[in-house]
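All remarks here apply to the structure that follows.
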Amino acid sequence: MLKEPKQVLVVGAAAATVQPIVALLQGQSDVQVSARVTALRPLAEILSAAPTTDVVVVCSNDREIGDLEALAALDPAKRPAVIVCGSLTTPAAMRTVVRAGASDLLAELPSSEELLTAVARAPRRALANGAVKPRGSLTVVMGAAGGAGSSFIACNLAHLSAAVIKKRTLLIDLDLIYASQAQFLALKPSRGIAEAAQQVANLDAVALDGYVTKHRSGLGLLARSEGTYLHEPVDPEAFRSVLRVALEAYETVFVDGHRWLDALTTVTVAEADHLVLVMEQSIAHVNNMAQLYRILTQQLGVTSERIVVVMNRYDKHAAVQPDMVVKAVGCREPFKLPNMYALALDSTNTAIPLFEMDAESSVTRGLLALCSQIYGTEPPEPNGIFRRTLAALSTRSHA
Ligand SMILES: Nc1ncnc2c1ncn2[C@@H]1O[C@H](COP(=O)(O)OP(=O)(O)OP(=O)(O)O)[C@@H](O)[C@H]1O
Ligand SMILES: [Mg+2]
């Protein structure tokens, strides 16, 4: 089937920088190009008047980052793909590029081949009928310090989302060395993140399936493939494209990220709808959480409504309590998740998710409440859904 041409909008503060880029895109059958000068009208207004734009090409430089700021302020779900052409060198400008969700950063005047390749791999935004494509929700989970429980929480949130809330759910593990999610779920991915990122030019929702390993609950896992040792890091921009395809294919995506904000986690943060930050009740964790929260909100432009701080293994007698965290970190009231050492250990040792081990435990119920809080819905009524889901699980395991 012949695809509609991609709608590309070239913007910049001056006509002199916009025109040469437009010239590179004109005459291509698969691209429909238009241009606007943002000195005349703010970019946000231009975009709301052009809702079917698939890709915005922003002509920018270190002194002119206003258009990128305008894109960074948009809801990622409603933002077209962004390609930047220009010389951006300062840390402030680079951070704005990340926050604007740019999928490519090219020279001020790239070759036509470079520009067309970038446009070809940028995801489409609109459906043929002009409606905006539904995009899944993206949640990244990070710990404030090692061993806080973030991978365990990411795994069980994703499992509850798939098994109980019944959403099409994907879990992405950014730990490309130890790959703990595959261990938690007893899965052995034969292909994974690195392979998907290498094939990004041909990746769509159907092709993505070939890199995802399925858990019996229906949960998909995208992780390091079994037995590989990564000689080369995964390209962050290719990973951003993988993430966007995943958000087209799944209703909800959970990412187990790194507190040291490596390149893949930073890309995820820029695209994320929700951030779950996990800590324990110690001064060291409070200090780390305050630092992580500052970087996310002040440098990466994450708004505080998107962040949920979780106090894991919560003990009401510990010295560090929620009011202290609110004061030191500046966050909303933390979510308290109870400590259940033996059950959690059994769950990780046997690679059986918490819900399958004990659907009624306080930590399972706590995680289900957290999952519902993220989705902005009421937690499902335990005495209906738990019994129904457990009945379905036991029928399946006896089949
Ligand atoms: N609420 C809890 N109650 C009891 N045990 C827990 C709880 N949360 C996590 N654990 C246990 O803590 C262990 C370590 O957690 P996890 O591997 O998720 O930490 P992490 O923050 O991802 O660590 P890392 O920094 O190494 O990535 C888990 O295997 C699990 O058994
Ligand atoms: Mg971890």
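Which residue, 116, 71, 174, has the most motion in a Gaussian network model of the chain that connects Cα atoms within less than 10 Å?
Between 116, 71, 174, it is 116 that shows the largest mean-square fluctuation.
Kirkwood hydrodynamic radius (Cα pairs, Å) of the chain?
So the Kirkwood estimate lands at 22.3 Å.
So which of 78/167; 6/78; 6/214; 214/336; 188/336 end up more than 28 Å apart by C-alpha?
Beyond 28 Å between Cα atoms: 6/214; 214/336; 188/336.
Using the beta-carbon distance between residue 216 and residue 16 and R0 = 45 Å, what value does 1/(1 + (r/R0)^6) give for FRET efficiency, to the nearest 0.05?
0.15
Provide, for q = 0.09, 0.16, 0.23, 0.24 Å⁻¹, the log10 of I(q)/I(0) from a solvent-free Debye sum over equal Cα point scatterers in the range 6-121.
Each listed q corresponds, in turn, to -0.19, -0.64, -1.47, -1.62.
Using per-residue counts of other Cβ atoms within 10 Å, averaged over each peptide, order 6-16, 161-171 from highest down.
The packing order, highest mean first, is 161-171, 6-16.
Per-residue counts of other Cβ atoms within 10 Å, averaged by peptide: what ranking do you get for 62-68, 347-353, 361-367, highest first?
361-367, 62-68, 347-353
Based solely on its DSSP helices, what 222 nm [θ] is calculated for the chain when runs of n ≥ 4 H residues each add -39,500 (n - 2.57) and the sum is averaged over all residues, nearest 500 deg cm²/dmol?
About -11500 deg cm²/dmol.
Using mean Cβ contacts within 10 Å as the protection proxy, how do 300-309, 285-294 order, highest first?
285-294, 300-309
Helix 382-398: angle to the longest alpha-carbon principal axis of the chain, degrees 0 to 90, nearest 10?
90 degrees
Multiply the residue separation of residue 260 and residue 34 by 0.36 nm, subtract the distance between their alpha-carbon atoms, and state the gained length in nm to one decimal.
Net length gain for the segment: 77.3 nm.
Tell me the angle of helix 150-163 to the major Cα principal axis of the chain, expressed in degrees between 0 and 90 and rounded to the nearest ten.
Here the helix axis deviates by roughly 90 degrees.
Bear in mind these aren't lab numbers, they're just calculated from the coordinates by the rules spelled out. Predicted, not measured: the structure shown is a model, and the values here were computed from it. Cβ sites come from the backbone with ideal geometry, for glycine too, and all protein chains shown count toward neighbours.
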